[in-house]
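First comes the structure, then the notes that go with it.
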Amino acid sequence: MDKIGLLPLEEKMVREYLGKLDIKDKGVKITVTPLNIIITERKINYNEEDYDRGMSLTVSKVRRNSTSNLCYIKSTCYIENLIEKENAKKIGYDDVIFLNENRHVTETSCANIFIVKNKEIFTPKIKDGLLAGIIRGQIIKNCKVKEKSITLEELKEAEEVIVTNSLMGVMSISEIDGIKYRNNQIRCMLNEKLKHWEN
């Protein structure tokens, strides 16, 4: 929030306030403006069938600009993400993958990406133009993960592809532009670990 001149939030105060609202099994979004703080809740739409099936992705023709500060700020300015996700759904995919101007993998419209190769876990570097998600941070903190620039070729050759965000947790990718992925061992392992990290 320092980058755009907003006052920092007191985490203790927010937690105490949210505790009084008694919100359970829902996603909570906190929007901070120069004038106020807006708290909204929404249903979590992911179910057991989604995790069993996995998600399908297609590569967007829109490129992320890794030199832009907008890549690194969680804001309400995500109309491009919504448009590209909707375009993906129109052709039968669940979401899109954005590459940056160097054709390196960044993120989906709403999630961070991890790939598995030779049982090693990799994720794109922040400076390639992506948000540092909360679940991404937990996985890096608690597991052996290498941050590196990932090419589209490396993504397609991966043994397993996983996406993460605070609402879905950890989700397997079943297909990227016709390439099928059937391995979900690391996703299952991370899901189990995530339950303990959250407690």
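The values are calculated or read from the model by the stated rules, or taken from the named source; none is laboratory data. Predicted model only: the values in this text are computed from it and were never measured. Neighbour counts are summed over all protein chains in view; Cβ atoms, including those assigned to glycine, are modelled from backbone coordinates with ideal geometry. Areas reflect the complete protein model, heavy atoms only, side chains present, ligands, DNA and RNA absent. Shrake-Rupley method; radii C 1.70, N 1.55, O 1.52, S 1.80 Å.
Below is a table of values for the structure above.
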| quantity | calculated |
| --- | --- |
| Among LEU21, LEU70, LEU99: highest mean-square fluctuation, GNM of the chain, C-alpha pairs under 10 Å | LEU21 |
| Which label in [x] 8, 33, 37, 19, 3, 0; [y] 8, 30, 32, 14, 7, 6, 2, 0, 0; [z] 8, 28, 29, 13, 7, 7, 5, 3, 1, 0 gives the computed P(r) over Cα pairs in 10 Å bins from 0, in percent | [x] |
| Folded to 0 to 90 degrees: helix 11-21 orientation relative to the chain principal axis, Cα | 80 |
| Calculated P(r) tail over 18 Å for the range 87-199, as whole % of Cα pairs | 46 |
| Cα-derived Rg over Rh, computed across the range 149-199 with Rh taken as Kirkwood radius | 1.02 |
| Residues whose placed amide H lies under 5 Å from that of SER174, excluding near-sequence neighbours | MET55, SER56 |
| Per residue accessible area in Å² of the range 90-199, where ligands, DNA and RNA are left out and the probe is 1.4 Å | 48 |
| ³J(HN,Hα) computed for each position of the range 66-81 - Karplus, 6.51 cos²θ - 1.76 cosθ + 1.60, integer Hz, glycine/proline x | 5, 8, 8, 4, 4, 5, 10, 10, 6, 9, 8, 8, 10, 4, 4, 4 |
| Anisotropy class of the range 30-98 from Cα gyration tensor, a/c 1.5 cut | oblate |
| Portion, in percent, of the accessible area of the range 28-134 that falls on carbon or sulfur, probe 1.4 Å | 53 |
| Total charge dipole magnitude, the chain, about the Cα centre, Cβ charges on Lys, Arg, Asp, Glu only, Debye to nearest 20 | 300 |
